[in-house]
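Structure record follows, encoded as structure tokens.
Just so it is clear, none of the values below were taken in a lab; they were calculated from the coordinates. Nothing here was measured: the structure is a model prediction, and the numbers come from that model. All Cβ positions, glycine included, derive from the backbone under ideal geometry; neighbour counts span all protein chains shown.
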């Protein structure tokens, strides 16, 4: 009986030891992340920054291009040796209130990526634009510019920290045509998912 | 048996460390960008006061209404998007018709305007002016001008219309 009692204590200790290490880490804020892969948003895609006056019933469209200051970006930080898959899911309309006819404006989102390990200012100049209609791409975190492919990445092991690099995803697009819609503040979202 | 459970404990600790290493690195990140636009409605023009052109004489002073300082000047208010640029277009010449329809006079408009309701601080507008609405999205206009063609004037009431076209400059 004495031996059985000791077995019980050992099992309990094992469970207590293992339980904390599977806990989730959740960060709330604009840093949607964790240590391995993170994505930081620059700001809102504001069409008034391109055209201050967007008039109802003007039947015009407003286009923010990659080269415009209004173009926004997401800074992706991750393992330089790995590939990432980016999926964007934009709302088809910017809406006011509950949306629907008279309360929505068509919205088309486009994106471009830059994965040469450049700084932000240089990254925009070498960004690769994705043709319209695509919503998902897979690319290396750091694109090789010349030479043969590098050897396979070093496997993760104790004490080893893989090299980190930044890649950029630029977001822009077109709003319109602006039909006979209510005046006011229209919003929509572009959800971006990045994974190894 | 005791030795067996010691091994089990050791294995559990190793497994736990491995799980910690895996959970410490996220394989996925999600971000959301908000797209936005503020849409403005039509720019509106409200008549605050009609031009009062009662002639007591045909002196040159009576025939002319200075929009910048004459109390007889008409007054209008433009309402639109704050700080927006608006193009103001109007016909410079107009015809006043007698109420019976027989006689007519000619009127050359002068408009002045400003973001504040202070007539003497308003500036004269040309036929095709760009103005900027105030922080509150308003701009005031004063309407004056000069009558002509009074040689064969018939007493009575005369009417005319002033058309002003407002357009946002995008």
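Taking the Cα-to-Cβ direction at residue B:66 and at residue B:163 and moving 7 Å from each Cα, how far apart do the two end points lie in nm?
3.1 nm
If packing is taken as the mean number of other Cβ atoms within 10 Å per residue, what is the order of A:65-78, A:90-103, highest first?
Sorting A:65-78, A:90-103 by mean packing, highest first, produces A:65-78, A:90-103.
Once you sort the root eigenvalues of the Cα gyration tensor of region B:44-168 as a ≥ b ≥ c, which label holds: rounded (a/c under 1.5), prolate (a/b larger than b/c) or oblate (the other case)? Mind dumping the intermediate values first?
Working: a/c = 2.54, a/b = 1.99, b/c = 1.27.
Prolate shape, in that a/c is at least 1.5 and a/b is the bigger ratio.
So how much slack lies between residue A:60 and residue A:44, counting 0.36 nm per residue of separation and subtracting their Cα-Cα distance, in nm?
That works out to 3.6 nm of additional length.
Highest mean first, how do B:87-95, A:184-192 rank when packing is the count of other Cβ atoms within 10 Å averaged over residues?
Numbers: B:87-95: 14.7, A:184-192: 18.2.
Top to bottom by mean Cβ count within 10 Å: A:184-192, B:87-95.
Between region A:72-117 and region B:151-165, what is the separation of their alpha carbon centroids in Å?
60 Å
Order these by the 10 Å Cβ neighbour count, fewest first: B:120, A:143. Each step should come with its number before you reach the end.
Numbers: B:120 9, A:143 14.
Ranking B:120, A:143 by Cβ neighbours within 10 Å, fewest first, gives B:120, A:143.
Pull out the extension gain between residue B:136 and residue B:30, defined as 0.36 nm times the separation in residues minus the alpha carbon to alpha carbon distance; nm, one decimal. Present the calculation step by step, with values, prior to reporting the outcome.
Numbers: separation 106, 0.36 × 106 = 38.16 nm, distance 3.96 nm.
Going from the current span to full extension adds 34.2 nm.
Across peptide A:54-65, what mean number of C-beta atoms from other chains lies inside 10 Å of a residue's C-beta? Can you show the working numbers first?
On the way: counts 7, 11, 4, 3, 4, 0, 1, 0, 2, 0, 1, 0.
Mean shielding by partner chains, rounded to a whole number: 3.
How many Cβ atoms of partner chains, on average, are near each residue of A:156-169 if near means within 10 Å of its Cβ? Intermediate values should be presented prior to the final figure.
Details: counts 3, 1, 2, 0, 0, 0, 1, 0, 0, 0, 0, 0, 0, 2.
Partner-chain Cβ atoms within 10 Å, mean over residues of A:156-169: 1.
Which order do A:128, A:41 fall in if you start with the one that has the fewest other Cβ atoms within 10 Å? Intermediate values should be presented prior to the final figure.
Working: A:128 14, A:41 20.
Fewest to most other Cβ atoms nearby, the residues stand as A:128, A:41.
Just counting partner chain Cβ atoms within 10 Å, what average do the residues of peptide A:36-42 show around their Cβ?
On the way: counts 7, 5, 3, 5, 2, 4, 1.
Across A:36-42, the average partner-chain Cβ count within 10 Å equals 4.
If I model a spin label at residue A:116 and residue B:93 as a point 7 Å from the Cα along the Cα→Cβ vector, what separation in nanometres do I get?
Going by the 7 Å Cα→Cβ label model, 6.4 nm.
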